[in-house]
Amino acid sequence: MAEIDGLAEPTETRSSQTGSWGEEIHGLAEIPDEPLDQAEIGVVEPGEFSASGETPATPFGRDLQEWSGPLMRLGFSFVAGFSLGYALAFFLKLTLVIVGGLLLALFGLQYVSLVEVNWPGIQAYYEAFVAWMQPRAGSFREFVISNIPAAGMAGLGLLLGLRKK
């Protein structure tokens, strides 16, 4: 070994049986030139059981291979936007059903004169909420415009997530 300013520099060459510093590598198999047959490595189709009969098979490996390329090209913003859109669509539908049911119940109770609804008071609360929300929506718009590339992919992901059924 050659020493430069007190530091040892490796001079051994790397081979298939030794590591970069000359130590032996144990327990590593050679990588085959041809892809393995799925039966050899124990891959089974979804819904089938493995050879031991204990563990149900999952298509995780195949899905990971199908989706990893496109997701890496689109980036984190798209994936985050898609996930947010998918979750937002679910919660939006659930919220609309609950609010619609409550409004129908309220209209029905007012119709049979069991409840008196102060509609001008509700309108005042709504107008106060809109006045509170307008400056916040403007600052959100400025944030999105300042980050256009990430925001574009996040917006695309959000739209696709909302459309996903």
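Just so you know, all these numbers are worked out from the coordinates, no wet-lab data involved. Quantities reported herein were computed from a predicted structural model and do not represent experimental measurements. Using ideal geometry, Cβ is built from the backbone for each residue, glycine included, and neighbour counts are taken over all protein chains shown.
Things to note:
- Theoretical gain in end-to-end length, A124 to L156 [0.36 nm per residue, Cα-Cα removed]: 8.0 nm
- Compared with the alpha-carbon gap, the fully stretched path from L109 to E142 is longer by 7.5 nm at 0.36 nm per residue.
- Placing pseudo-labels 7 Å out from each Cα toward the beta carbon at F76 and M133 gives an inter-label distance of 3.0 nm.
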